[in-house]
1. Could you grab me the full set of residues in region 443-457 that are open to solvent by 40 Å² or more (accessible area, probe 1.4 Å), part of a loop (DSSP other than H, G, I, E, B) and touching a residue at least 12 places away in the same chain (Cβ under 8 Å)?
2. Which ones in region 372-404 are free of Cβ contacts under 8 Å to residues at least 12 places away in the same chain and within 20 Å of the chain's Cα centre (by Cα)?
3. For residues in region 503-538 being touching a helix residue (DSSP H, G or I) at 6+ places or on another chain (Cβ under 6 Å) and assigned to a loop (DSSP other than H, G, I, E, B), which is most open to solvent (accessible area, probe 1.4 Å)?
4. I'd like to verify a number: residues in region 424-470 that are of a type in the set (S, T, N, Q) and under 34 Å from the mean Cα position of the chain (by Cα), how many?
5. Residues being of a type in the set (A, V, I, L, M, F, W, C) and surrounded by 18 or more Cβ atoms within 10 Å (Cβ to Cβ): count how many of those fall in region 107-127.
6. Among the residues of region 405-424, write down those that are among the aliphatic types (A, V, I, L, M) and free of Cβ contacts under 8 Å to residues at least 12 places away in the same chain.
7. Report, by residue number, each residue of region 84-106 that is surrounded by 15 or more Cβ atoms within 10 Å (Cβ to Cβ) and either aliphatic (A, V, I, L, M) or not in a strand (DSSP E or B) (or both).
8. Can you tell me which residue is farthest from the chain's Cα centre (by Cα) among those in region 61-83 that are within 19 Å of Val158 (Cα to Cα) and open to solvent by 80 Å² or more (accessible area, probe 1.4 Å)?
Amino acid sequence: MAEPAPAAAAPSDSGNPEPPSKNALKKAQKEKEKAEKKAAAKARELAERQKKEAADGEDVSAGSYGELPLCGSKDFKPSGALRKDLSTIADSEDTEITFRCWVENSRGQSAKLAFLNLRQGLNTVQAVVAASEKLSKQMVKFSGNVSTESTLVVTGLVKRVKEPITSATIKDFEIHITKLFVEAKAEVPLPLQVEDAERRLPGDGVGDIEEKQEEGDARPLVGLNVRLDNRTIDLRAKINHSIFIIKSGVCALFQEFLSQKGFTLIHTPKILGAASEGGASVFELKYFDKTAYLAQSPQFYKQMLIAARFQKVMEIGPVFRAEKSNTARHLTEFTGLDLEMEFQENYHEVMGVLEDLMLFIFKELNARYRKETELIRSVYHVEDFKLPESGKVPRIPFQEGIKMLREAGEELGDYDDLTTPQEKHLGRLVLAKYGSDFYTLDQFPLAIRPAYTMPSATDPQLSNSYDMFMRGQEICSGAQRIHNAQLLSEMMRKHDPPIDPEAAGTKDYVDSFRYGCPPHAGGGFGLERIVQFWLGLPNIRMCSLFPRDPGRFLP
């Protein structure tokens, strides 16, 4: 570095410059040192910044995160990694696992840390993405910004936590992520938040109303119509998965019990050439150049199979009712659990099978599906379903039920049909008297039953028919059927409205009893109602994947 020029000397009287003073020289030296230090600091700062930028630019996690090519496309390359189920996570402590999941929530805590809540089935787990020498900030940022409901393939180390994690169903372990790939990205914004579908339905859900969940909760509850319009997202809620796991369980238990009793599973037609049971509430459809109808029930075919020497039959299938009933317990298409069997001398033999069937289903739901039931009831705070301690189902004659209601203040005649409020009232009375949410009403008035119902031997205005109830609401209608063609024809003509036993679609049914048919009885359960009343849900549409009612046939 060049020496600084000496300070100019002040001119003397003689005209010659004076040399700089010692103080001036010292000051100049200090300024020089100061400038050198400043320059060195700037150089160091520049070097450090360049080093940092170089480090930040180098992504040590490149290839360990990002969006995967479309599965099945030419760019997609299978990893071959063994996928794990989160239900077995406790077996993989301190082990790296790979699994598919989807994002319930993702949040960046800082530039170096992100948390995700990941779900697989009904299981959720907390996952951590932390920057280190082996994991980049770029990966942390990417992970914290993954959109909710996106499907991921995650690899990470299973670590036990010191404190239970309250925000996940898996409370003792978390995943320390090492790889994270988006397999299917969810668009933003979603038309419905899954979180909203986890909350209780307002009111009975019949109207598309909104109300606050509780005092101080500013977010309104989402009405059922909004949920059903976006059903694919709505069904992602854990509470909805639980409903349909239980619904599947009821079907499995129905078949399990009846199979052990010797019942044969059947499948009857749902397209009919005539309106079944002579009712007006049927759906018409064009069948080539003719008019056909959707089946109201498998009733006629069940009986024809008894006549065909099938002693015991059961069916699980769709039932169609063209009734404009916009209530919380009616659908125009539902699933019927039907059975029919011959008996020896008394139709109560069949009632006993039906009652034992339901007791078996209730018992096994408690044993096998307790987790799902409790999850739903944590949102819909309903009392446990009560069964009689004696194990014997209350079997109440219809006339006794009328008497109980009259004593409780209801006004109705001996042979009047019960209204829905009266049925619910009777359910409360039976619960108080017998300690059971499940019971049977026997010997209904003949005038309010189908034409094929056997009249009672004790009172011509009554019939050998019965209904079964859960929490005071009907789930099953059944009876002894007329198995004599002459009596059946007579009762059809007397019925209101009359049914022509010689009409197309009816004649084959009546004729089947001309060739010798044993006495038989049966019943039909509404699957969705069993699930609704077991769980105490406010609306039956919650128990149908894609419900059909008078105003809805989409999606």
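The values are calculated or read from the model by the stated rules, or taken from the named source; none is laboratory data. Computed from a prediction, not measured in an experiment: that's the story for all the values here. No Cβ is skipped: glycine too gets one built from the backbone with ideal geometry, and neighbour counts run over all protein chains shown. In case anyone asks, the SASA skips ligands and DNA or RNA and just uses the protein heavy atoms, side chains included. Shrake-Rupley method; radii C 1.70, N 1.55, O 1.52, S 1.80 Å.
1. We begin by selecting, within region 443-457, every residue open to solvent by 40 Å² or more (accessible area, probe 1.4 Å); these are 447-448, 450, 454, 457.
With part of a loop (DSSP other than H, G, I, E, B) added as a condition, the list becomes 450, 454, 457.
Result: Pro450, Met454.
2. Of everything in region 372-404, those that are free of Cβ contacts under 8 Å to residues at least 12 places away in the same chain and within 20 Å of the chain's Cα centre (by Cα) turn out to be Glu374, Ser378, His381, Asp384.
3. The qualifying residue most open to solvent (accessible area, probe 1.4 Å) is Arg514.
4. Of the residues in that region, 2 qualify.
5. Counting residues in region 107-127 that are of a type in the set (A, V, I, L, M, F, W, C) and surrounded by 18 or more Cβ atoms within 10 Å (Cβ to Cβ) gives 6.
6. Leu412
7. Answer for region 84-106, where residues must be surrounded by 15 or more Cβ atoms within 10 Å (Cβ to Cβ) and either aliphatic (A, V, I, L, M) or not in a strand (DSSP E or B) (or both): Lys84, Leu86, Ile89, Ser92, Ile97, Val103.
8. Leu82
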